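Only one structure is covered here, and it is reproduced in the block below.
The values are calculated or read from the model by the stated rules, or taken from the named source; none is laboratory data. No experiment lies behind these values; they were computed from the predicted model shown. All Cβ positions, glycine included, derive from the backbone under ideal geometry; neighbour counts span all protein chains shown. To get the accessible areas, we keep the full protein, side chains included, count just its heavy atoms, and leave off ligands, DNA and RNA. Shrake-Rupley method; radii C 1.70, N 1.55, O 1.52, S 1.80 Å.
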Amino acid sequence: MFITFEGIEGTGKSTQIALLKEHMLAQGKRVMVTLEPGGSRIGAELRRVLLSLDNRDLTPQAELFLYLADRAQHVAQVVRPALETGAVVLCDRFADSTVAYQGFGRGMDPELLHRLNEVAVDGLWPELTVLLDLDPVIGLKRAVARNHSEGKTNAEGRFEAESLAFHNRVRQGFLKLAAAKPERISIVDATGTPEDIARKVKALVEARLHA
Ligand code: TYD
């Protein structure tokens, strides 16, 4: 089973992925946690290029193709092989992030981005996408606090430096995607406690497993 987590910065995706992993391990499942950008060996190099504040001159088009390259490599070398062994794959961001950030955030055509995603994912779409939804005012505060405590204020954080208006467009983009694909994308309110949110995520996964 392939499950992706989406949402703007600071929605607690990695916390929820860790909690769901524990829950699934306790059920005797094999679980692999991965992320985009950076889930493959080559992807880790692309991630550094994509997120470095030194690369503020990266053009929107070049940025797009680096995210797509990361995805193609990740699907082929990491996600598909893991699924073929019967593992559950939990992925922090996937194709919807490209439509939300490069499309709704940067203004590129969402339909075109969907078609480019089709090339990158090569037929492998998630069975469930959990969209953690949060007001960017709260999300960015959390992300800045986290970056600060992890000491990565300079190396990573190109997107945290974007304006609130940008993150609002990204949030609305994710919500539009969820409205267009309700059979795959489920919205979870990310304002509650991590435990509350984890309960909702578990319920969605159980419903999907028994569908
Ligand atoms: P990351 O540090 O993983 O952010 P977060 O912890 O919020 O998930 O950085 C990933 C950044 O890359 C994030 O700001 C969103 C952006 N991104 C895109 O713009 N397009 C994409 O296709 C993907 C996968 C990520």
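Taking first residues from region 179-198 that are within 18 Å of residue 21 (Cα to Cα) and free of Cβ contacts under 8 Å to residues at least 24 places away in the same chain and partners that are open to solvent by 60 Å² or more (accessible area, probe 1.4 Å) and outside any loop (DSSP other than H, G, I, E, B), no Cβ contact under 8 Å between residues at least 6 apart in sequence or on separate chains turns up. When region 35-65 is limited to residues that are touching a Gly at 6+ places or on another chain (Cβ under 8 Å), open to solvent by less than 40 Å² (accessible area, probe 1.4 Å) and assigned to a helix (DSSP H, G or I), the one that is modelled with the lowest pLDDT turns out to be 53. The set of residues from region 100-111 being open to solvent by 10 Å² or more (accessible area, probe 1.4 Å) and within 14 Å of the ligand (Cβ to nearest atom) comprises 101, 104, 106, 107, 108, 110.
Could you say which residue among 203, 198, 190 is out of contact with any helix residue (DSSP H, G or I) (no Cβ under 7 Å at 6 or more places or on another chain) and either among the aliphatic types (A, V, I, L, M) or modelled with pLDDT under 95 (or both)? None of the others qualify; the one that does is 203. Is there a residue in region 5-17 that is open to solvent by 50 Å² or more (accessible area, probe 1.4 Å) and either more than 13 Å from the ligand (Cβ to nearest atom) or among the hydrophobic types (A, V, I, L, M, F, W, C) (or both)? No: zero hits. Scanning region 151-179 for residues that are of a type in the set (S, T, N, Q) and either modelled with pLDDT of 95 or more or open to solvent by less than 20 Å² (accessible area, probe 1.4 Å) (or both) yields 168, 172.
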